[in-house]
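> Structure incoming, see below.
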Amino acid sequence: DKQGLQVAIDGPASAGKSTVAKIVAQRFHYIYCDTGAMYRAITWKVLQAGVALDDEAAVKALLNQITIRFEPGTPVQKVFVDDTEVTLAIRQPDVTNAVSQISAQSAVRAELTERQRQIADAGGIVMDGRDIGSTVLPKAEVKIFLVASVEERAQRRLKDNAAKGINTPLETLKYEIEERDRKDSTRKISPLTQAADAIRLDTTSMSIQEVADRIAEIIQEKESL
Ligand code: CDP
Ligand code: CDP
């Protein structure tokens, strides 16, 4: 018997994927997997090691040497690269601005997709990212595509940053979000795209709770089938 459904949540930067995915996972006692954190973790390692972002062979070798682990934590899940905690480091602007160049590489995508499928194998999982419904878990029973206006997403990121003591101006955040969306949507392999069978939710004027409730409803409908 299956232990639960696979729930894929995709969408552009700062649409609210991870916040909502966490709430939904808790509600259903599902595992939560933040695939963006995995792309950020390898990017952090590349920067740490001083490897050039475009040296694909070296990036691949580095990824094959490291483990990326999650541990429960409040308010956020802890992320480890081998024995080093990188929870905060992977959210810093240097990683944010380099990650799209690393996540576009075929060897990186192949390896992380494989690791993500292993994590999802047990069922009962909420996984968020860019290509979960389209590529990583094409058979996911629930696929959500979260969107919100760039203005709203930049405002959300501004608030988030303020809490972390990062003071990037709104206009810069807007530009960075648009740039990352552009790179993520136009790359050759598994670009950010809405799967044909995904449900699109525009969260521009929705609260976190409203979005989580709506997704919970969709999961319950599927569970009762
Ligand atoms: O949270 P935020 O929207 O800033 O992004 P994230 O989910 O942490 O993802 C960071 C980056 O990882 C994205 O901009 C993508 O380049 C990459 N990513 C990806 O390519 N595929 C995924 N499934 C998840 C993230
Ligand atoms: O994972 P992703 O980059 O898609 O977004 P996030 O990090 O979950 O959300 C970015 C910020 O938007 C967080 O501070 C959330 O609390 C906030 N948010 C919101 O204000 N309203 C929503 N409906 C969803 C998220």
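The values are calculated or read from the model by the stated rules, or taken from the named source; none is laboratory data. Keep in mind that this is a model prediction, so the values were computed, not measured. Neighbour counts are summed over all protein chains in view; Cβ atoms, including those assigned to glycine, are modelled from backbone coordinates with ideal geometry. Areas reflect the complete protein model, heavy atoms only, side chains present, ligands, DNA and RNA absent. Shrake-Rupley method; radii C 1.70, N 1.55, O 1.52, S 1.80 Å.
> How do the pairs read when you match residues in region 14-25 that are near ligand 2 (Cβ under 8 Å from one of its atoms) and aliphatic (A, V, I, L, M) with residues anywhere that are open to solvent by 40 Å² or more (accessible area, probe 1.4 Å) and in a helix (DSSP H, G or I), using Cβ under 8 Å and keeping only pairs 6 or more apart or on different chains?
Qualifying pairs under 8 Å: Val20/Ile208.
> Tell me which residues, restricted to region 173-208, are over 19 Å from the mean Cα position of the chain (by Cα) and within 11 Å of ligand 2 (Cβ to nearest atom).
Matches in region 173-208: Ser205, Met206, Ser207.
> Residue check: is Arg117 assigned to a helix (DSSP H, G or I) and charged (D, E, K, R)?
yes
> Under 7 Å between Cβ atoms, at least 6 apart or on separate chains: pull out the pairs that start in region 72-90 with a residue that is at positive phi and end on any residue that is assigned to a loop (DSSP other than H, G, I, E, B) and at pLDDT 95 or above.
Every condition considered, the pairs that remain are Asp82/Ile66; Asp82/Thr67.
> Can you tell me which of Val95, Val81 is open to solvent by less than 10 Å² (accessible area, probe 1.4 Å), more than 10 Å from ligand 1 (Cβ to nearest atom), modelled with pLDDT of 95 or more and closer than 23 Å to Tyr32 by Cα?
Val81
> I'd like the full set of residues that are more than 13 Å from ligand 2 (Cβ to nearest atom), more than 15 Å from Ala25 (Cα to Cα) and in contact (Cβ under 8 Å) with a residue 60 or more places away in the chain, limited to region 123-157.
Asp131, Gly133, Ser134, Val136, Leu137, Lys139
> Looking at region 181-194, can you tell me whether even one residue there is open to solvent by less than 60 Å² (accessible area, probe 1.4 Å) and either away from ligand 1 (no atom under 14 Å from the Cβ) or more than 16 Å from Asp10 (Cβ to Cβ) (or both)?
There is no residue in region 181-194 that is open to solvent by less than 60 Å² (accessible area, probe 1.4 Å) and either away from ligand 1 (no atom under 14 Å from the Cβ) or more than 16 Å from Asp10 (Cβ to Cβ) (or both).
> Out of Leu63, Leu137, Leu112, I need the residue that is open to solvent by less than 20 Å² (accessible area, probe 1.4 Å), at pLDDT 95 or above, within 15 Å of ligand 1 (Cβ to nearest atom) and closer than 19 Å to Ile219 by Cβ. Which one?
Step by step, each of Leu63, Leu137, Leu112 is checked, and only Leu137 is open to solvent by less than 20 Å² (accessible area, probe 1.4 Å), at pLDDT 95 or above, within 15 Å of ligand 1 (Cβ to nearest atom) and closer than 19 Å to Ile219 by Cβ.
> Continuing with the same structure: Among residues belonging to region 1-41 that are over 18 Å from Arg109 (Cα atoms) and among the β-branched types (Val, Ile, Thr), point out the one that is most open to solvent (accessible area, probe 1.4 Å).
Ile31
> Of the conditions (1) at pLDDT 95 or above; (2) among the small types (Gly, Ala, Ser); (3) more than 16 Å from ligand 2 (Cβ to nearest atom), Ala37 fails just one. Which one is it?
(3)
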